Amino acid sequence: MTRAPGERLLFTPGPLTTDRRTRDAMMVDRGSRDDDFIAITARVRRRLVDLAGVSSSHTCVPIQGSGTFAVEATLRTLVPREGSIAVLVDGAYGARMAEIARTIGRRVVAWEVGETDPIRPQELADLLACDPSITHVGLVHCETSTGRLHDLDALLDAAGDRAVIVDAMSSFGAIALDAGRCDAIVASANKCLEGAPGLAYALVRTSALERARGNAGSIVLDLEDQWRAMERTGQWRFTPPTHVVAALDAALDLHAREGGVAARRSRYAESQRALVLGMRELGFRTVLPESEQSPIIVAFDEPTEGAFSFERFHRALREDGFVIYPGKLTKRASFRIGCIGAIDRSDIEALLASVARARQSV
Ligand SMILES: *Cc1c(COP(=O)(O)O)cnc(C)c1O
């Protein structure tokens with residue numbers, strides 16, 4: 001990892017720490033119609049479908065904005081207005097997907113599971129069997145609020161012949177998934193691919209996109225229209241985030257050089273193990289048992305003994321140059337430390353030293 005002295009490290013689910021080479025790629029201004037920018041857009045789109053192993057069946061539709069913009073655009077585009085979607089809700093991101101679908105007027109059947117309760121795919125199969133009008137299933141791959149990694153294969157089995165839309169925002173590029181079985185995989189530039197924030201994308205089954213004309217009910221959040229325009233002209237419909245697209249291209253170089261999805265997963269997993277071990281030694285407890293914990297982000301319970309204040313804890317770490325994240329659980333006080341981004345085990349060790357100091361003072 002290439003890093004400037006005094007740089008801040010972000011142990012968060014995004015924006016997250018990027019490599020200096022990725023940021024350097026943003027130092028050139030390009031016009032949206034420039035040949036070199038059109039080539040970068042085409043290359044990034046191709047590399048993303050290649051990464052998912054679906055270059056013959058799916059196409060990559062990038063969209064300006066954060067990850068949620070792509071989730072909404074995908075739901076609008078793929079779920080017809082008379083369609084309905086069953087959504088697994090076991091945390092804040094599943095809840096957000098359900099809320100988006102509801103807000104845009106699609107019928108939603110929420111499959112609610114407690115944040116730390118076991119997930120039984122058979123419940124999904126039963127729910128779908130009882131309600132043949134459900135056309136789609138919405139799943140979050142890694143529920144970033146708890147850090148829980150879902151067993152996507154088992155859930156896809158349970159979804160049967162329904163079209164599945166996966167929010168793989170916090171896992172894509174670090175955890176392999178069977179994209180060919182999904183109608184759409186939604187992710188963003190600034191999670192495990194370690195690009196800059198401001199760009200998201202969906203890898204969509206081309207045959208599903210071909211049938212989606214007019215579904216969106218939105219001009220900007222219409223993946224079908226974005227796709228047709230891009231196929232026709234190579235250009236984005238509206239001002240593209242040129243610097244961010246170039247940064248993602250550079251970040252994909254680094255991803256390939258590191259060894260692809262498996263290598264990235266190992267780096268994150270090594271960080272995550274060191275983090276959990278070190279935090280346990282300092283008296284912290286994880287929200288999830290080991291078996292459900294992803295290598296992406298770890299949720300810790302706030303200590304109950306002594307007077308713990310997340311605000312002061314966060315500020316103390318921040319003064320040492322480390323940024324951690326508040327919790328997002330509904331029923332218990334927690335905070336989160338991310339293992340994704342251009343950080344490795346040695347950065348985790350430095351963070352742990354700072355946590356030990358902060359724990360003395362807060
Ligand atoms: C980060 C994330 C998102 C998108 O959040 P934005 O703030 O819009 O980038 C969506 N789903 C999951 C699971 C995430 O981790």
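The values are calculated or read from the model by the stated rules, or taken from the named source; none is laboratory data. Quick caveat, the model's predicted, so the values are computed rather than measured. Note: ideal-geometry Cβ built from the backbone for every residue, glycine included; neighbour counts use all protein chains shown. Only protein heavy atoms, including side chains, enter the accessible area calculation; ligands, DNA and RNA are left aside. Shrake-Rupley method; radii C 1.70, N 1.55, O 1.52, S 1.80 Å.
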Relative contact order of the stretch 260-300, pairs being alpha-carbon contacts under 8 Å that are 6 or more residues apart, as %: 46 percent
State to the nearest 20 debye the size of the charge dipole of the chain about its Cα centre, where the only charges are +1 on K and R beta carbons and -1 on D and E beta carbons. 660 debye
When 1/r is averaged over all different Cα pairs and the result inverted, which Kirkwood radius in Å belongs to the stretch 233-339? 16.6 Å
Go through Glu82, Glu292 and list them by solvent-accessible area, largest first, probe radius 1.4 Å. Glu82, Glu292
I need the shape label for the stretch 29-124. Rule: rounded when a/c is under 1.5, else prolate if a/b > b/c, else oblate, with a, b, c from the alpha carbon gyration tensor. prolate
Per DSSP, loop trypsin sites (Lys or Arg not before Pro) in the stretch 30-101 with at most 16 further Cβ within 10 Å: Arg30, Arg33, Arg81
Cα lying deepest toward the dipole's positive end in the chain, options Ser334, Ala25, Ala86, charges on Cβ: Ala25
Descending semi-axes in whole angstrom, ellipsoid equivalent of the stretch 78-217, from the Cα gyration tensor: 21, 20, 14
Which value, in Å² and to the nearest 10, is the accessible area of Glu311 when all protein chains are kept and the probe is 1.4 Å? 120 Å²
Restricting to bridges with both residues inside the chain, how much of the DSSP beta-bridge set is antiparallel, in percent to the nearest 5? 55 percent
Kirkwood hydrodynamic radius over Cα pairs of the stretch 226-296, then Stokes diffusion coefficient at 25 °C and 0.890 mPa s, in µm²/s: 156 µm²/s
With the contact rule set at Cα under 8 Å and sequence spacing of 6 or more, what percent relative contact order holds for the stretch 88-132? 38 percent
In debye, nearest 20, what is the charge dipole magnitude of the stretch 72-124 about its Cα centre with +1 on Lys and Arg Cβ and -1 on Asp and Glu Cβ, if you could check? 340 debye
The percentage of Cα-Cα pairs in the chain separated by more than 27 Å is 47 percent
Let me cross-check Ile348: its accessible surface, 1.4 Å probe, with only protein heavy atoms counted, in Å² to the nearest 10? 0 Å²
If you rank Asp131, Asp90, Asp117 by how much accessible surface each has, with a 1.4 Å probe, what is the order from largest down? Asp117, Asp131, Asp90
With each run of n ≥ 4 DSSP H residues scored as -39500 (n - 2.57), what mean residue ellipticity at 222 nm is computed for the chain after dividing by its residue count and rounding to the nearest 500 deg cm²/dmol? -12500 deg cm²/dmol
The equivalent-ellipsoid semi-axes of the stretch 144-286, taken as the square roots of five times the Cα gyration tensor eigenvalues and listed largest first in whole Å, are 32, 21, 14
